[in-house]
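**Q** Quick one: the structure is below, and I'll ask about it shortly.
The values are calculated or read from the model by the stated rules, or taken from the named source; none is laboratory data. Bear in mind that the values here come from a model prediction, so they are computed numbers and not experimental data. Here the Cβ positions follow ideal geometry from the backbone for every residue, glycine too, while neighbour counts run over all protein chains shown.
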Amino acid sequence: MDSIILNTSKREQVGRSASRNLRAKDLIPAVIYGQGESRICSVSRKDFEELRRSAAGGASLIELKEEGGATALTLIKDVQRHAITRQFLHIDFLEVAKDREFTTTVPVNLVGESIGVKQNDGILQQQITELTVRCKPADLPSAYELDISDLDLGDSLSIKDIGTESGVAVLQELELTVVSCVGSAHGRAEAEDESEDGEEGVDGEGDSVAEESSGEAGS
């Protein structure tokens, strides 16, 4: 996998006040966790947002260029965002060695249109959205694609149905179900209608239970 380049700037101060000052300058405070050590830095908000868009949700190797010319090959370990504004607040990078295997996750993307959904009104259920893998940085895939075109009602696909590259070890059991086509949207709607009809005569009991539950929650 090719890495994405991101420039970093040194920062000397830590704490909430220092972090707020950085964000006011359109910078995001960050930490690079290395082999037995960590160092603090900041990155441009604009550059990081462009990086996220280019990665499009896939696994990405990021080559951080530090002031002074040093570089670090990293993965994003954690990103903190404001709960309301969704502003990036802090980033943790994890440094990896080019010649060493490491463990990370890779997203699983479904491609195609399931025949069970298209022709038989089925419903897709994706149980696994990412795989845990171990490999060297050069072998890391950005994402896995699983073709669901032939997935009919009642069928399922497992991890073993995903084609994996050489040099990449999947750490989950290969028999685990990734996606299945179940039920029927039409059948589910009918079942919900029948359930609502059956509840018409017991509205009072339902209200009583709800009131008791609320009381317990508040005690």
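**Q** Name the single residue that is nearest to ALA169 (Cα to Cα) among those in region 110-125 being surrounded by 15 or more Cβ atoms within 10 Å (Cβ to Cβ) and free of Cβ contacts under 8 Å to residues at least 60 places away in the same chain.
**A** Applying the first criterion (surrounded by 15 or more Cβ atoms within 10 Å (Cβ to Cβ)) to region 110-125 yields 110, 114-117, 120-124.
Now drop any that are not free of Cβ contacts under 8 Å to residues at least 60 places away in the same chain, which leaves 115, 124.
On the way: ILE115: 31, LEU124: 27 Å.
The residue in question is LEU124.
**Q** If you scan region 127-156, which residues turn out to be under 13 Å from THR177 (Cα atoms) and part of a strand (DSSP E or B)?
**A** Residues satisfying the conditions are GLU130, LEU131, LEU146, SER156.
**Q** Something else: Mind listing whichever residues of region 23-40 are of a type in the set (D, E, K, R) and assigned to a loop (DSSP other than H, G, I, E, B)? Please lay out each step first, then the result.
**A** Step one: of region 23-40, the residues of a type in the set (D, E, K, R) are 23, 25-26, 37, 39.
Selection gives LYS25, ASP26, GLU37.
**Q** Pick from LEU110, LEU64, LEU73: which is part of a strand (DSSP E or B), under 30 Å from THR164 (Cα atoms), in contact with a strand residue (DSSP E or B) (Cβ under 8 Å, 6 or more places away or on another chain) and assigned by TED's automatic domain parsing to the domain that holds ILE148? I'd like the intermediate steps shown before the answer.
**A** Working: LEU64 fails: assigned by TED's automatic domain parsing to the domain that holds ILE148; LEU73 fails: assigned by TED's automatic domain parsing to the domain that holds ILE148.
Only one candidate passes the filter, namely LEU110.
**Q** Of all residues in region 76-107, which are in contact with a Phe, Trp or Tyr (Cβ under 6 Å, 6 or more places away or on another chain) and outside any strand (DSSP E or B)?
**A** VAL96 - this is the single residue of region 76-107 that is in contact with a Phe, Trp or Tyr (Cβ under 6 Å, 6 or more places away or on another chain) and outside any strand (DSSP E or B).
**Q** Would you mention how many residues in region 28-62 are in contact with a Leu (Cβ under 9 Å, 6 or more places away or on another chain), over 22 Å from THR104 (Cα atoms) and not acidic (Asp, Glu)?
**A** So the answer is 7.
**Q** Also, I was wondering about something else. Could you check ARG20 against (1) more than 22 Å from the chain's Cα centre (by Cα); (2) in a helix (DSSP H, G or I); (3) crowded, with 16+ Cβ neighbours inside 10 Å and say which number it fails?
**A** Answer for ARG20: the failing condition is (3).
**Q** Can I ask one more? Pull up region 41-61, narrow it to residues that are part of a loop (DSSP other than H, G, I, E, B) and at negative phi, then point me to the one that is modelled with the lowest pLDDT. Explain how you work it out, then say what you get.
**A** Taking region 41-61 and keeping what is part of a loop (DSSP other than H, G, I, E, B), we get 56-61.
Retained after the next criterion (residues that are at negative phi): 58-61.
Values: GLY58: 74, ALA59: 77, SER60: 84, LEU61: 90.
The selected residue is GLY58.
**Q** Do you know which residues across region 157-180 are part of a strand (DSSP E or B) and buried (at least 17 other Cβ atoms within 10 Å of the Cβ)? Don't jump to the end; show me each part of the working.
**A** So in region 157-180, the residues part of a strand (DSSP E or B) come out as 157-158, 169-170, 177-180.
Residues satisfying the conditions are LEU157, SER158, VAL170, VAL178, VAL179, SER180.
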